[in-house]
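Participant: This is the structure, below, for whatever I ask next.
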Amino acid sequence: MKVFKFGGASVKNADSVRNLAKILKNHSGNLVVVISAMGKITNLMETLVKAYFERNEEIKTIFQNFKEYHIKICEDLFEDGKTPKSIEILFADLGNKLNTIPSLDFNFEYDQVVSFGEMASTKIVSSYLNTAQLKNNWIDIRTCLRTDDKFRDASVDWDLTEKLVQQVFNFEKEKLYVTQGFIGATTSNLTTTLGREGSDFTAAILGNVLNAEDVSIWKDVPGVLNADPKIMENAVKIDELSYREAIEMAYSGAQVIHPKTIKPLHNKGISLYVRSFISPNAEGSIIHNVDHKLLLQPVFIVKENQVLITISPINFSFISIEDINAIVNILHKNRIKINIIQQSAIDFNLVVDYPETDLDEVLKFLSGKYIARYNTELTLHTIRHFNEEVLRKMKEDKKIYLEQNSRRTARLLVKQ
């Protein structure tokens, strides 16, 4: 049994869905297909949930855009040009949701609304595959992937999920299952999400609990590259790398895989392939159990929209462990992701993703006890397996706000 995951770019229009079907036709054996929302629909759904939560007039327009996008794909995809009944029902369910008064918990409402993107994509793909002689069983992953109630970043209940997944994905009647990435549900059937870009993680969860032979993530790149080809010319494909190296790259901001994806696969020694849906016969890259020192060439990772926060005690005292713990807990409570920590005697520097919450409010809270300063519109450059020549070139003509080097990794925070 194998698990295939297809992201938004691989199902962005009718031709993309047809291409997905061609890939599946070349596969024999039991298969679970995990699919993200189509194209940039998750971005659209995020604007929709904000409009819904704030009750502004954009709700109807955004909702209409959501419907028209999927209706157009159905018109192009199906011979009769009709939208499947299951999609019409989905539109009605979302419309009913948007007509209710939202709760006071934005994170809860986010999960209830944004999840409709994955539901729509999988229903369309499943319906098309059935018309293309690829008989499949559509599964609502929320019936078996169970989580806690930390909305927008839920943690998996592994024991319950394993039990339920093995019951649902049993391959007794079908060889092919289609389901959603990114979403799950609490034991009280409230929809949750696993964090942005969490469909990769879903594939890894299913691979783990179903003891898959391997997991493949299908993307619009030939595999794992040593740099983003949109930013750096002459990016080189990495044929194989270790679980450890993949985790380091993902944590640093590489967009190829979700950071949480590796651990469930590593725990059972399941290989992860990153393959191109544009060139499906190409080998791609494999992440598996090899020496992490295998990869020696420099890898360049760029993460934009960073904030440098410098915190100092008001009374000019040293930064203590208690101070660090208090500051980190405040940021964690506000769901602000920390990428770098650097400490001096009286300064505590943190590089964080620009938060969705009000940054000024967080800093105002910190300012009750500390002096808090910050810089925005910064870019974090990470170089794995750097050498002095590479580092020197990366520093040229850049205003460096912070630098941090370890044995294998150099990190530079510069103005965007």
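Participant: Given the rule -39500 (n - 2.57) for each run of at least 4 DSSP H residues, summed and divided by the residues of the chain, what is its mean residue ellipticity at 222 nm, to the nearest 500 deg cm²/dmol?
Facilitator: Here the helix-only value at 222 nm equals -11500 deg cm²/dmol.
Participant: Here's a follow-up. Please work out the FRET efficiency for the pair K60 and F318, using the Cβ-Cβ distance as r and a Förster radius of 51 Å; give the result to the nearest 0.05.
Facilitator: 0.35
Participant: Something else now. Could you list H381, H27 so that the one with the fewest beta carbons within 10 Å of its beta carbon is first and the one with the most is last?
Facilitator: H27, H381
Participant: Now, a different point. To the nearest 20 debye, what charge dipole does the chain have about its Cα centre, counting +1 at the Cβ of each Lys and Arg and -1 at the Cβ of each Asp and Glu?
Facilitator: 500
Participant: Let me check against my output: what whole-number percent is the relative contact order of segment 299-415, with C-alpha pairs under 8 Å and at least 6 apart?
Facilitator: 33
Participant: Report the trypsin sites (Lys or Arg not before Pro) located in segment 166-246 that are in a DSSP loop and have at most 10 other Cβ atoms inside 10 Å of their Cβ, or state none.
Facilitator: Passing sites in segment 166-246 are K173, K230.
Participant: Could you run the Karplus curve 6.51 cos²θ - 1.76 cosθ + 1.60 with θ = phi - 60° over segment 308-320 and give me ³J(HN,Hα) per residue in whole Hz, x for Gly and Pro?
Facilitator: Here the 3J(HN,Hα) series is 9, 10, 10, 10, 9, x, 5, 8, 6, 7, 5, 6, 9 Hz.
Participant: When ranked by the protection proxy of mean other Cβ atoms within 10 Å per residue, highest first, what sequence do the peptides 260-271, 113-124 form?
Facilitator: 113-124, 260-271
Participant: I need the per residue convex hull volume for segment 299-415, using only the alpha carbons, in cubic angstrom as a whole number.
Facilitator: In segment 299-415, the Cα hull volume divided by residue count equals 107 Å³.
Participant: Work from the charge dipole of the chain (Cβ charges, +1 for Lys and Arg, -1 for Asp and Glu, about the Cα centre) and give the residue of S216, S344, N65 farthest towards its positive end.
Facilitator: Farthest towards the positive pole: S216.
Participant: Relative contact order for the chain using alpha-carbon pairs under 8 Å, separation at least 6, rounded to a whole percent?
Facilitator: 13
Participant: Trypsin sites (Lys or Arg not before Pro), restricted to segment 9-48: which are DSSP loop and have at most 14 other Cβ atoms within 10 Å?
Facilitator: K40
Participant: Also, I was wondering about something else. Kirkwood hydrodynamic radius, segment 1-114, all distinct C-alpha pairs: what's the number in Å?
Facilitator: 15.7
Participant: Add +1 for every Lys or Arg and -1 for every Asp or Glu among the other residues with Cβ under 14 Å from the Cβ of N19, and state the total.
Facilitator: Residues near N19 contribute +3 overall.
Participant: Need one number: nm distance between label points at E240 and N329, each 7 Å from Cα along Cα→Cβ, rounded to one decimal.
Facilitator: It works out to 4.6 nm between the two label points.
Participant: Another question about this same structure. For segment 355-416, what does the relative contact order come out to in percent, with C-alpha contacts under 8 Å and a separation of six or more?
Facilitator: It comes to 35 percent, rounded to a whole number.
Participant: Magnitude of the Cβ-charge dipole of segment 299-415, K/R +1 and D/E -1, about the Cα centre, nearest 20 debye?
Facilitator: Approximately 340 debye in magnitude.
Participant: Based on DSSP, what percent of beta bridges with both residues in the chain are antiparallel, to the nearest 5?
Facilitator: Just about 60 percent of them are antiparallel.
Participant: In addition: Show me the three semi-axes of the equivalent ellipsoid for the chain, from the C-alpha gyration tensor (sqrt of 5 times each eigenvalue), largest first, rounded to whole Å.
Facilitator: So the equivalent ellipsoid measures 38, 28, 20 Å along its semi-axes.
Participant: So, one more: When you count, for each residue, the other Cβ atoms within 10 Å and take the mean per peptide, how do 386-396, 77-87, 176-186, 349-359 rank with the highest first?
Facilitator: Going by the mean number of other Cβ atoms within 10 Å, highest first, we get 176-186, 349-359, 77-87, 386-396.
Participant: By per-residue mean of other Cβ atoms within 10 Å, what is the highest-first order of 201-209, 283-291, 251-259, 60-68?
Facilitator: Ranked by mean Cβ neighbours within 10 Å, highest first: 201-209, 251-259, 283-291, 60-68.
Participant: Next up: Of all GluC sites (Glu not before Pro) in segment 1-59, which ones are in loop regions per DSSP and have a Cβ with at most 12 other Cβ atoms within 10 Å?
Facilitator: Here the GluC sites (Glu not before Pro) that fit, given the DSSP loop and packing criteria, are E57.
Participant: Right, something else. Can you tell me the FRET efficiency between N375 and L104 if r is taken as the Cβ-Cβ distance and R0 is 30 Å, rounded to the nearest 0.05?
Facilitator: 0.35
Participant: Please quote Rg/Rh for segment 2-212 to two decimal places, taking the Kirkwood radius as Rh and restricting both calculations to Cα atoms.
Facilitator: Rg/Rh for segment 2-212 comes to 0.96.
Participant: Mind checking the dipole of segment 42-86: about its Cα centre, +1 per Lys or Arg Cβ, -1 per Asp or Glu Cβ, Debye to the nearest 20?
Facilitator: The dipole of segment 42-86 has a size of about 180 debye.
Where a number appears in this text, it was derived from the coordinates with a stated rule and is not lab data. Values in this document were obtained by computation on a predicted structure and should not be read as measured data. Here the Cβ is made from the backbone with ideal geometry for all residues, glycine too, and neighbour counts use every protein chain on show.
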